[in-house]
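The values are calculated or read from the model by the stated rules, or taken from the named source; none is laboratory data. Since we're looking at a predicted model, the values are computed, not measured. Note that we place each Cβ from the backbone using ideal geometry, even for glycine, and neighbour counts take in every protein chain shown.
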Amino acid sequence: PKVAKALRADMQNAGMLMRMAKALAPGLDAKAAAAELKERVLEELDYEYEAQNQRAFARAYRGHPFIYVPEVVTRLSRSRVLVTEWVDGVGFDEVKARRQEERDRFGEIVFRFCFGSIFHLQHFNADAHPGNYMLMPDEKVAFLDFGMTKQLDTEQIELEIAALDAAFEDDPERLKGALHDLGFLNNPKKLDAQRLMEHVMAVGGWYMQDEEITIDSKRVMDVIASVSDPRSDFYDVMRRENVPANELMGRRMETGVLAVLGQLNATRNWYRIGCEWWFAEEPATELGREERDYFESKGEKRIREFSLRRG
């Protein structure tokens, strides 16, 4: 109860913080962003709502080869108490001390869960935090804490894929149109398409380039600076961009995953993994093959329905 009271008090300042952010990015809809943030944070205080989220993820990943979501113990849970199955495993600090090969695998699993659930479930966990992950004795990764999640409709996901495809095809004008459709640009005529493309690649290039990329602390800091630092080379672009309210949690998740991968110095061709979801391409890794078989055994068809199937 005291935590709830403190969080509610903090959220009263959300509007003020968003107004400060608007000074850096005049295109930001501060009121809508503050409302979205407040709604998501207050949901974290609703343990019955969190239990519903966790049940949904537990059902979707039950029997998964390398992802585990503990079941909710409904008979012991109440509005102020959430009880789940006990999870045996080691925490993130111990994972960081392991061999790089193991850290790479752990990082890939985090990436697959956080990004992949958008396309498998149309639902993702926005709280990408290392304290929410445990490596179990059977080498599965357990994912905890489902208080802050976001569900997406089909149209938004298709628009996201269209924007990604424009970036991959190096088509600045098409990218500008796609980002306008998503709500990131209020007045696209005021933005140079090539500069916008450069900014998008500075932010998301780590999963948009077809090559193995190691995520280290420098890359993490460079990405964060490119979206928040007035000294950034992209400040002129930032000031003309918006972060629509319904994209706020997605960007939060993306930054959180990047930070986790940076602590692991994880290496993968993140683009090729993403293509499994965006364009229904063949699995890029052994984990991808295991995951494809798992979802196909469940009769899942979302990935192929979302796919643009580039020719």
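Things worth noting here:
- Residues being in a helix (DSSP H, G or I), within 30 Å of Val95 (Cα to Cα) and among the hydroxyl-bearing types (Ser, Thr, Tyr) are represented in the range 251-259 by at least one member.
- The range 66-81 - residue that is under 23 Å from Ser117 (Cα atoms) and surrounded by 15 or more Cβ atoms within 10 Å (Cβ to Cβ) and, of those, farthest from the chain's Cα centre (by Cα): Val72
Here's the yes/no breakdown for (1) touching a helix residue (DSSP H, G or I) at 6+ places or on another chain (Cβ under 7 Å); (2) among the basic types (Lys, Arg); (3) touching a residue at least 40 places away in the same chain (Cβ under 8 Å):
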{"residue": "Val227", "(1), (2), (3)": "yes, no, no"}
{"residue": "Leu248", "(1), (2), (3)": "yes, no, yes"}
{"residue": "Val260", "(1), (2), (3)": "yes, no, yes"}
{"residue": "Arg268", "(1), (2), (3)": "yes, yes, yes"}
{"residue": "Lys298", "(1), (2), (3)": "no, yes, no"}
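To keep it simple, each residue is scored yes or no on (1) in contact with a strand residue (DSSP E or B) (Cβ under 9 Å, 6 or more places away or on another chain); (2) buried (at least 21 other Cβ atoms within 10 Å of the Cβ).
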site	(1), (2)
Gly256	no, no
Gln263	no, no
Thr267	yes, no
Trp277	no, yes
Pro283	no, no
Glu286	no, no
Arg289	no, no
Phe295	no, no
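- When the range 151-176 is filtered for residues that are surrounded by 16 or more Cβ atoms within 10 Å (Cβ to Cβ) and more than 30 Å from Glu50 (Cα to Cα), the ones remaining, listed by number, are Ala162, Ala163, Leu164, Asp165, Ala166, Ala167, Phe168, Pro172, Arg174, Leu175, Lys176.
- So Glu36, is it of a type in the set (Asp, Glu) and modelled with pLDDT of 95 or more: no
- Within the range 133-145, residues that are among the β-branched types (Val, Ile, Thr) have Cβ atoms under 8 Å from residues that are part of a strand (DSSP E or B) and surrounded by 14 or more Cβ atoms within 10 Å (Cβ to Cβ) in these pairs: Val141/Ile67; Val141/Tyr68; Val141/Tyr133; Val141/Met134; Val141/Leu135, counting only partners at least 6 apart in sequence or on another chain.
- Boolean, Val243 is outside any helix (DSSP H, G or I), in the same structural domain as His199 (by TED's automatic domain parsing) and either closer than 24 Å to Thr149 by Cα or among the β-branched types (Val, Ile, Thr) (or both): yes
- Restricted to the range 190-215, and to residues there that are assigned to a helix (DSSP H, G or I) and touching a residue at least 60 places away in the same chain (Cβ under 8 Å), the residue that is farthest from Asp229 (Cα to Cα) is Tyr207.
- Condition met for Asn246 (more than 25 Å from Thr267 (Cα to Cα) and under 19 Å from the mean Cα position of the chain (by Cα)): yes
- Whichever residue in the range 176-225 is under 24 Å from Ala259 (Cβ atoms) and small (Gly, Ala, Ser) and, among such residues, is modelled with the lowest pLDDT: Ala225
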